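The structure under discussion appears below in the form of structure tokens.
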Amino acid sequence: MKLYRDEAIVLRTHDLGEADRIITLLTRHYGRVRAVAKGVRRTSSRFGARLEPFSMIDVQLYEGRSLDVVTEVTTINPFANAIGRDYDSYTAASAMVEVVERLTTEEGEPDEEQYLLLLGALHSLSIHAHEPAAIVDSYLLRALALSGWALAIWNCARCGTPGPLQAFHVQSGGMVCEDCVPRGAVHPSQNTIHLLGSLLSGEWDRVDAAPMLARREASSLIVAYLQWHIERQIRSLRMVDSA
């Protein structure tokens, strides 16, 4: 059996049998991995507390027939401790790890960019760098862009005509010009359009200063765009407060 080691973020866990857990990890070099952590629910477990969702760990595994097996774990950064103490941060982190699971569809397929993006977002949540809902929105736009679904904001999604643009259409890929605007398009405020651009580019001074109505409108557009592409709802997003 092949033994391997990597740094990873714990995405989620669920119980298996009386003492074990299945751990879903996003590793830096091996992509998304599911592994069994044997005996971690026993009080005598050496590393049960290190495998909490949102934690950054150094993990050693060996390949099993259906699931890999965790053999060693060391905590690199216990993001879970800080995130778990704040409800808004917890719901934001829950939404992000649910999304990255949907975007990394193939187990064992390396995706270091998605790993580093999630790592940065969890770090921001843990230190309360910005409002949790804004961190989620920025993360979603960037994660979608890494998956090949970058939101068109400054140029028409259909013909490439540069702005200023007035209409937004999910199915078209974002903002559209007057010549391309289809039925069903919406017309967000200019504040919202500029906020979308700032969230995507990481201009946090502008994001933090954005008016509340723009934040809410931008969040609703981002969620609609995300769900159109992944073709399912992200349950955790319902709990994220954009207020």
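The values are calculated or read from the model by the stated rules, or taken from the named source; none is laboratory data. The structure presented is a predicted model; accordingly, all values stated were derived computationally and were not measured. FYI the Cβ positions are ideal-geometry reconstructions off the backbone, even for glycines, and counts take in every protein chain you see. SASA here: full protein model, heavy atoms, side chains in, ligands and nucleic acids out. Shrake-Rupley method; radii C 1.70, N 1.55, O 1.52, S 1.80 Å.
For the chain, find the longest principal axis of its Cα atoms and tell me its angle to the long axis of helix 87-103, 0 to 90°, nearest 10.
Between the helix axis and the principal axis of the chain, the angle is about 90 degrees.
For Asp58 and Trp228 in the same chain, what is the full-extension length gain: residue separation times 0.36 nm, less their Cα-Cα distance, in nm? Could you put the intermediate results ahead of the total?
Values: separation 170, 0.36 × 170 = 61.20 nm, distance 3.48 nm.
That pair, Asp58 and Trp228, stretches by 57.7 nm at full extension.
Restricting attention to the range 75-161, which GluC sites (Glu not before Pro) occupy a DSSP loop and are surrounded by at most 14 other Cβ atoms within 10 Å?
Those satisfying the criteria are Glu106, Glu107.
Which value, in Å², gives the accessible area per residue of the range 111-243 when a 1.4 Å probe is used on the protein heavy atoms? Let's see the in-between values first.
Values: 6620 Å² over 133 residues.
Result: 50 Å² of accessible area for each residue.
Carbon-plus-sulfur fraction of the accessible area of the range 54-139, 1.4 Å probe, in percent? Let's see the in-between values first.
Working: 1630 of 3700 Å².
Taking all protein chains in place, the range 54-139 shows 44 percent carbon and sulfur surface.
Read phi for every residue in the range 115-125 and hand back ³J(HN,Hα) as whole Hz from Karplus 6.51 cos²θ - 1.76 cosθ + 1.60, θ = phi - 60°, with x for Gly and Pro.
With the stated coefficients, the range 115-125 comes to 4, 5, 5, 5, 4, x, 5, 5, 4, 4, 4 Hz.
Spelling out what I want: for every residue of the range 203-209, take phi, set θ = phi - 60°, compute 6.51 cos²θ - 1.76 cosθ + 1.60 (Karplus), and round to whole Hz; glycine and proline get x.
My calculation for the range 203-209 gives 8, 6, 4, 6, 4, 5, 8 Hz in order.
Could you tell me what % of all Cα pairs in the range 180-229 have separations over 18 Å?
For the range 180-229, the share of Cα pairs beyond 18 Å comes to 33 percent.
Just how many % of Cα pairs in the range 1-107 lie over 18 Å apart, if you round to the nearest whole percent?
Everything past 18 Å amounts to 46 percent.
Modelled label-to-label distance, Arg206 and Ile76, 7 Å Cα→beta-carbon offset: nm?
Taking the two extended label points, one gets 3.2 nm.
Compactness ratio of the chain: Cα Rg over 2.2 N^0.38 Å, N = residue count?
1.11
Provide the convex hull volume over Cα atoms per residue for the range 144-243, in Å³.
Hull volume over Cα atoms, normalised by residue count, gives 105 Å³.
Which net charge results when you count Lys and Arg as +1 and Asp and Glu as -1 among the other residues whose beta-carbon is under 14 Å from that of Arg5?
Net local charge, Arg5 excluded: -4.
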